Amino acid sequence: MKHHPQSRNRFTPADSKHDNSPQGIAWVLLGMALLTVMDAIAKWLSATYPINEIVFFRSFFAFLPITLIVVLTGGRATLPTRRPGLHFLRGVLGLFTVSTFFLAISMMPLADATAVAFASPLFITALSVVLLGEQVGIRRWTAVLIGLVGVAIIIRPGTGVFQPAALLVLAAAFSYAVVGVLTRRLSYTESTAAIMVYTALVQTVLSGLSLPFSWVTPRIEHWPMLVGLGILGGFGQMCIVQAFRRAPASVIAPFEYSTIVWAIALGFLLWRELPDLWTIAGTVILIATGIYILHREVAQRRR
């Protein structure tokens, strides 16, 4: 998820003096491609390794790109924090998000899981009211309800094609939404580097504690993929941050949905998976409602 999806900081404002929408769009397209390839590698490895081990290597090797990011953005001076508890909570929820999504894609097509994960903006809208005290008007609530119809179309509960793993994706999407709201709150006082470092640290330690219970010694030919998980995840999130620094959210966010194109392509090339027409229809509804919710949020902030 995009997901692993927990590290995408859509709340970093673009500097109006350096607004460069073409560059921002290019960065977000690259970031979504890297993150979707990471998800595909995790799905491939899940046939051999337990999910907690895959998550550990994803978190541990993420320190390679994260260290580079810290060095380039100011070094240790960017890491002091006023909110260690909130960082820990974000790390725990991020770990749950990644673990749940990786488990889901090990049991269902990558494109289908990616489509269901698009429910996250709906949850973010609802949680912003509860956790941030933001006001949401009738139009955005209507968009949320329509988006939930899109989710129902994709997973089709009560039918023979229903995949229980889709409920795991919904759980991951909800958890990711909470992570997103926490990111918004942390971004008021914390640097992007600090948020990335403490999240990776919490996830590495907690996932590492579970390794003795299910350890499978990695095969030599799999090490490049295990290392690649962290590198792709780290550079993927860096690309997303760079995108939002160069262009407004209203320009960048719709291009995050390009992940479905990569998910369909990789799913077909690696596993001969293709979404059916119902999944495509539900995905279109979710993308449309997500973009509309963003549009209304931007309009509300301008007012």
In the stretch 105-117, anything in contact with an Asp or Glu (Cβ under 9 Å, 6 or more places away or on another chain) and surrounded by 24 or more Cβ atoms within 10 Å (Cβ to Cβ) is listed as 105, 110, 111, 112, 113, 114
Over the stretch 246-267, the set of residues closer than 23 Å to residue 105 by Cβ and without any contact (Cβ under 8 Å) to a residue 60 or more places away in the chain is 261, 265
For the stretch 207-225, state whether one or more residues are crowded, with 22+ Cβ neighbours inside 10 Å and either of a type in the set (A, V, I, L, M, F, W, C) or out of contact with any strand residue (DSSP E or B) (no Cβ under 9 Å at 6 or more places or on another chain) (or both). yes
Per the list (1) crowded, with 20+ Cβ neighbours inside 10 Å; (2) among the hydroxyl-bearing types (Ser, Thr, Tyr); (3) closer than 21 Å to residue 190 by Cβ; (4) modelled with pLDDT under 90, residue check on residue 128 breaks on (1)
Taking first residues from the stretch 186-202 that are more than 17 Å from residue 71 (Cα to Cα) and second residues anywhere that are β-branched (Val, Ile, Thr) and outside any helix (DSSP H, G or I), the pairs with Cβ under 7 Å that are 6 or more apart or on different chains are 187/12
Going through the stretch 186-226 in order, the residues found to be farther than 13 Å from residue 80 by Cα and part of a loop (DSSP other than H, G, I, E, B) are 187, 188, 210, 214, 215, 216, 217, 218, 219
Those residues of the stretch 234-269 that are assigned to a helix (DSSP H, G or I) and farther than 25 Å from residue 156 by Cα come to a total of 21
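Restricting the search to the stretch 133-153, which residues are hydrophobic (A, V, I, L, M, F, W, C) and either loosely packed, with under 12 Cβ neighbours inside 10 Å or at pLDDT 85 or above (or both)? Write out each step before concluding.
So the first thing to find is which residues in the stretch 133-153 are hydrophobic (A, V, I, L, M, F, W, C), and the list is 136, 138, 141, 143-146, 148-149, 151-153.
Of everything in the stretch 133-153, those that are hydrophobic (A, V, I, L, M, F, W, C) and either loosely packed, with under 12 Cβ neighbours inside 10 Å or at pLDDT 85 or above (or both) turn out to be 138, 141, 143, 144, 145, 146, 148, 149, 151, 152, 153.
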Here the qualifying pairs (Cβ atoms under 6 Å; residues six or more apart or on different chains; first in the stretch 97-116 and under 12 Å from residue 166 (Cβ atoms) and touching a residue at least 40 places away in the same chain (Cβ under 8 Å); second among the basic types (Lys, Arg) and part of a helix (DSSP H, G or I)) come out as 105/43
Conditions (1) of a type in the set (Ser, Thr, Tyr); (2) within 19 Å of residue 42 (Cβ to Cβ); (3) surrounded by fewer than 19 Cβ atoms within 10 Å (Cβ to Cβ) -> residue 292 fails only (2)
Restricted to the stretch 154-169 and to residues being over 14 Å from residue 114 (Cα atoms) and at pLDDT 80 or above, the residue surrounded by the fewest Cβ atoms within 10 Å (Cβ to Cβ) is 164
| Hey, does the stretch 106-114 have a residue that's modelled with pLDDT of 85 or more, part of a loop (DSSP other than H, G, I, E, B), in contact with a Ser or Thr (Cβ under 7 Å, 6 or more places away or on another chain) and of a type outside the set (A, V, I, L, M, F, W, C)? | yes
Does the stretch 79-88 contain any residue that is surrounded by fewer than 24 Cβ atoms within 10 Å (Cβ to Cβ), under 15 Å from the mean Cα position of the chain (by Cα), more than 26 Å from residue 171 (Cβ to Cβ) and modelled with pLDDT under 95? no
Note on the stretch 235-272: residues more than 28 Å from residue 298 (Cα to Cα) and not hydrophobic (A, V, I, L, M, F, W, C) are 267, 272
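The values are calculated or read from the model by the stated rules, or taken from the named source; none is laboratory data. Computed from a prediction, not measured in an experiment: that's the story for all the values here. No Cβ is skipped: glycine too gets one built from the backbone with ideal geometry, and neighbour counts run over all protein chains shown.
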